[in-house]
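Colleague: This is the structure I have questions about; it appears just below.
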Amino acid sequence: MKYLRLLLLLILGVNLHAEQLYKWAVIGAGPAGIISIAQLLEHGVNDHDIVWIDPEFATGRLGKYYGNVPSNQKAYRFTSFLEKSTIFANFDSPAIQAIKACNQQQEHPLQLAVDALNDITNYLRTQVISMQTTVQALESEPDKLSNNWRLTINQPAQAKILAQKVILAVGAHPKTLNYQNITEIPLDLALDVTKLSTLVTTNDTVMVIGSAHSALLIVKYLHDFGV
Ligand SMILES: Cc1cc2nc3c(=O)[nH]c(=O)nc-3n(C[C@H](O)[C@H](O)[C@H](O)COP(=O)(O)OP(=O)(O)OC[C@H]3O[C@@H](n4cnc5c(N)ncnc54)[C@H](O)[C@@H]3O)c2cc1C
């Protein structure tokens, strides 16, 4: 009897601290995280084997900063991707209809895609297990035999979950350099034409470092303002 009680306590104790094990953890819900979830489902991974983690679920930097930026791709690329996907073929929403209704041979502001991706995110969150929190740490389990990853999340504080495989879709941040006595305009503000217009005057001298898509847009905006 004594041993039985001890065994019961041990089992309860183990369960109280049990860490949920998933086959897949996708960290980040920007465009890369969204596509990762869709790809896993398309490849037949069970929805309850996937955990998706992001503190915001708002389409990452695209959703937060780049809605006013003109897309560098024509609309048909987005709609043909949706139509070819078995996950999204039957999915519909006002934002999806809006992107299908616009001129497919033109580039549009990225907000059109952001609205559609927000709806897609909400839909995918009904399919898989999602947690609105930040991953603080990622470590391989000390028990080398299991080969699992242990994720420490913020909410609930310091909670841990286990995953056999992890997709890190946490994005990237603009770089800064070491300037002295120079006012920097952060890239995310410079890319928003309305915000940039409030940050520069025609008397300013502005240095743009870089020569790809972001820089070309910013140089064009500055030129249009008469800087
Ligand atoms: C000027 C410009 C024009 C562009 N035009 C286009 C275009 O026309 N078409 C196009 O497809 N792309 C375009 N892009 C690129 C697009 O913005 C990026 O490719 C895209 O945002 C990258 O997505 P991501 O998911 O990799 O990262 P992000 O958008 O940065 O998303 C990362 C996500 O991870 C989450 N996260 C980060 N750390 C953690 C953590 N520890 N725990 C949990 N979650 C975490 C964040 O909350 C965020 O939601 C453009 C970019 C620029 C700058």
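The values are calculated or read from the model by the stated rules, or taken from the named source; none is laboratory data. Here the structure is a predicted model, which is why all the values come from computation and not from measurement. Reconstructed Cβ throughout: ideal geometry from the backbone, glycine too, with neighbour counts over all protein chains shown.
Colleague: Looking at the stretch 44-54, is at least one residue modelled with pLDDT of 95 or more and loosely packed, with under 10 Cβ neighbours inside 10 Å?
Modeller: Looking for residues that are modelled with pLDDT of 95 or more and loosely packed, with under 10 Cβ neighbours inside 10 Å, one finds at least one in the stretch 44-54, hence yes.
Colleague: Hey, another quick one. Scanning for something among the aromatic types (Phe, Trp, Tyr) and touching a helix residue (DSSP H, G or I) at 6+ places or on another chain (Cβ under 6 Å), does the stretch 79-90 turn up at least one residue?
Modeller: yes
Colleague: Same structure again: Restricting to the stretch 116-160, count the residues that are touching a residue at least 60 places away in the same chain (Cβ under 8 Å), over 22 Å from Val45 (Cα atoms) and not in a strand (DSSP E or B).
Modeller: 4
Colleague: I've got another one for you. Can you name every residue in the stretch 38-72 that is more than 9 Å from the ligand (Cβ to nearest atom) and under 21 Å from Ala137 (Cα atoms)?
Modeller: Within the stretch 38-72, Asp49, Ile50, Val51, Trp52 qualify.
Colleague: Which residues, counting only those in the stretch 186-221, are closer than 15 Å to Val69 by Cβ and more than 13 Å from the ligand (Cβ to nearest atom)?
Modeller: Hits for the stretch 186-221 are Thr194, Lys195, Ser197.
Colleague: Out of contact with any strand residue (DSSP E or B) (no Cβ under 9 Å at 6 or more places or on another chain), over 30 Å from Val208 (Cα atoms) and surrounded by 18 or more Cβ atoms within 10 Å (Cβ to Cβ): is that true of Ala95 in this structure?
Modeller: yes
Colleague: Kindly indicate which of Thr121, Thr126 is within 30 Å of Ala18 (Cα to Cα), within 16 Å of the ligand (Cβ to nearest atom), of a type in the set (S, T, N, Q) and within 20 Å of the chain's Cα centre (by Cα).
Modeller: The conditions single out Thr121.
Colleague: Here's a follow-up. Would you call Ala163 out of contact with any Asp or Glu (no Cβ under 8 Å at 6 or more places or on another chain) and not in a loop (DSSP other than H, G, I, E, B)?
Modeller: Criteria met by Ala163.
Colleague: Keeping to the stretch 166-190, report how many residues are closer than 25 Å to Trp52 by Cβ and part of a loop (DSSP other than H, G, I, E, B).
Modeller: The total comes to 5.
Colleague: So, one more: For the stretch 85-99: of the residues being among the hydrophobic types (A, V, I, L, M, F, W, C) and over 21 Å from the mean Cα position of the chain (by Cα), which is farthest from Tyr123 (Cα to Cα)?
Modeller: Among those that are among the hydrophobic types (A, V, I, L, M, F, W, C) and over 21 Å from the mean Cα position of the chain (by Cα), it is Ala98.
Colleague: Mind listing just one residue for me: the one in the stretch 129-146 that is of a type outside the set (Asp, Glu) and surrounded by fewer than 14 Cβ atoms within 10 Å (Cβ to Cβ) and, of those, nearest to the chain's Cα centre (by Cα)?
Modeller: Per the stated criteria, the residue is Gln136.
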